[in-house]
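Every number in this text was worked out from the coordinates using simple rules, so none of it is lab data. Just so it is clear, the structure is predicted and the values come from calculations on it, not from any experiment. In this analysis, Cβ positions are derived from the backbone assuming ideal geometry, glycine residues included, and neighbour counts consider all displayed protein chains.
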Amino acid sequence: MSAGRSGPVRAVRKVVLSPHPPGGPEDGPHAPRTPRTPRTPHTSCTPQTPRPADGPAPATALIDADGRVQQWSDGARDLTGYPEREIVGRDAALLADGGHVQGGDLVKELLRTAGEARGDWVRRRDGTCRSVVWYPVAVPLADGTGVLAVALPQEQRQGDIATLDRLLHSSPVGLAVLDTDLRFRYVNDVLARLNGLTAGEHLGRSVLEVLELPYPEAYEKVLRRVVENGETVDNLQVAGVRPDGGSRVATGSMFPLRDADGTVVGVGGLVHERADAERELLEAARDRRRLVLLGRVGARLGQGLDPRTVAGQLAEGCVPEFADAVEVDLLKAAAEPDVGACEIRGWYATPDSPCTAIPLVHPLVLPPDARRPRPEDDLPPARPASAAVAECVASARPVTFGTEVADGVVRHGLVVPLTAVGRVLGAVTFLRHGAAGYAGDGRMLAVELAARAATAIDNALLYRRERLATLALQRHLLPTRLPSESWFRAAYRYRPAEDGTLAGGDWYDAVALPAGRVGLGVGDVMGHGVGAAAAMGRYRASVHALLAVGLRPGQLLTRLDGILAGDDELAATCVCAVYDAGTGRCRIALAGHPPPLLVRPDGSTGPVPCDPGPPMGMGLHHMYADTEISVEPGSLLVLYTDGMVEDRKGVLDLEQGIAILGKAVRDPRAPLDEICDALMSVRPADSPDDAALLVSRLGRF
């Protein structure tokens, strides 16, 4: 027995030396101290399967009153596979097979049968189950009554009848016993061989965990009929894929197993392999496996807006079921907007015009711990393609190869071209180690997977080009320098949408005005893409010009809304403000925009109450009103777009988002760049929109 705490060890030794379970008359407080004559224990108190001379050591475990394992013997380790360091201190319910009782309740359940041998199943570390006969003994411990459990493994068969043993293990047909949860409790050698696993690897697992079946739901319903209705099912034909990838077709009969009262306690099965396996059943199994894989990979590929994300989703969907590793290479020329001719530095081919130069490729599959890339991020550095990839993209046909990696293990590979709209974009390589190569159905499935991946990568490349163009247009349309005065400082930030959608039409601006005044504006054009970016440029230029001529914010928005009403311009929201450093007064007007946030010198924050008004460009001809406030010197005026306060799921409402934004400013006197970074850090991580931020520190002169 493993060493444990000193108290429990003394208690265990006292119990083990006694031939009687605690609680008998000899164990009372007034028992005589004369030597006892050992008696033969009663049959019900003795394990039914005594340890043979050369058999396994008994498994002993001490469980405290809270159900935690405190001591663990070497025999328990051999029986369950759990070493002492992994089991001591954990709940003993870990070893129960399908039980839902844990902790102290489990101990109470065990104490009800203390002193009696019982048969049960114990769940091993590898997930399988083992039949055991065990003997629970109540043990008084410092923190309550615990249980000392002594167990021996029990053979699958009942009894030692040689004839029964020969019948079960020499039968030419497969035999199985399932419990009412449809998990294996017994299999003979024939069925174990048919299923491609050992008999021990079956125990405790369901049929659907052992075999991949074409229609698992239908098969489970048939077995449920046996358990729930007591039906016998004859001539059940089953085609399945074994864990090693092999196929098998069998015919079986399933019948209920009943106890003396007629209650169904399990399912018996007789299974024999069909020598004349019907081709359509095998085809059904293969077809279902292919369709399931294609469906799973197709669903993953549809979620990617970046070529690297698409490649990663393809690899995750194919490993380990179809391949041990997947590599995706994108031709450097295919990744560039202007595709050139066949050159050593940037190579491109079509099925009708192959090239012979060594192409450069971008490896797209990133390490598992890599950050999820954005479409605008640079692709991995290009490198010369391998010989197999170069041959594949040059011929636009699949290429197989095999190389010895180590100790005679051969790595089989299949390179399939990524072809979309008649263009070869690159190649995907499927690798298997120490197994058969790709031929027949495997080759066809690889071609289908590559075709779906090529379409997704082509879409991702188109999206990436438009996003890069939109971001470039925005950079040219937005100001890079803002006015600065002794009484006015400003900083800004712009972030595209976090989910990789096309950049939108968020903008910001500041205009120095005569007589110690400054005009501020932040807006958001509804929509995404190049059109929204172009509209953003027109809105920003109009606001800049109207501020420069001295219009008040409300007048400016009313005039701009009237100008745009007759054009097919995209609608937009806007916040416009004019601050007078001589008086410390600030006029603000909104057009469907979130209110500004005012941070005072003492650190108090709050939104400026303004009439929001409708967005501009909707043809409503709204008269926008000004709101005038007094601003303490040293205050911060924070203008922002809704991408700073809204999340994708709509969990945050506008007030909650603004409150979170206000708490991010801890020191109003900090540098403006630090304040901008703090505000951006609390932006919702899954924001579906762009975000523009303009922070101004306002003073007096």
Point to revise | Extension gain from Asp66 to Ala387, taking 0.36 nm per residue of separation minus the Cα-Cα distance | key: 109.2 nm
Study note, to complete from the structure: A chain fully extended from Ser630 to Ala548 at 0.36 nm per residue, minus the present Cα-Cα distance, gains in nm 27.3 nm
Point to revise | For the stretch 464-590, with +1 on Lys and Arg beta carbons and -1 on Asp and Glu, the positive-most of Gly537, Leu513, Ala497 along the dipole | key: Leu513
Study note, to complete from the structure: Simple SL model, points at 7 angstrom along Cα→Cβ for Gln102 and Arg559; separation in nm is 7.0
Review point. Ranked from highest to lowest mean number of other Cβ atoms within 10 Å per residue, what is the order of the peptides 627-637, 369-379?
Key: 627-637, 369-379
**Study point:** Modelled FRET efficiency - R0 22 Å, Asp261 with Val233, Cβ distances, 0.05 increments
**Key:** 0.45
Revision key, fill the gap. Ordered by fewest other Cβ atoms within 10 Å, a rough proxy for footprinting exposure, Leu314, Leu654 read Leu654, Leu314
Exercise for review: Please list 191-202, 596-607 highest first by mean number of surrounding beta-carbon atoms within 10 Å per residue.
Suggested key: 191-202, 596-607
Review point. Separation between the Asp91 and Arg585 pseudo-spin-labels, each 7 Å from Cα along Cα→Cβ, expressed in nm?
Key: 6.9
Exercise for review: Fewest Cβ neighbours within 10 Å first, please rank Phe184, Phe322 accordingly.
Suggested key: Phe322, Phe184
**Study point:** Per-pair calculated FRET efficiency, R0 = 30 Å: Val421 and Thr400 via Cβ, rounded to 0.05
**Key:** 0.70
Practice item. Take the Cα radius of gyration of the stretch 478-698 and divide it by 2.2 N^0.38 Å, with N its residue count; two decimals is plenty. Key: 0.94
Check your understanding: Relative contact order for the stretch 573-701: what is it in percent, counting Cα pairs under 8 Å that are at least 6 residues apart?
Key -> 29
Check your understanding: In what sequence do Met644, Met618, Met623 fall when counting other Cβ within 10 Å, fewest first?
Key -> Met623, Met618, Met644
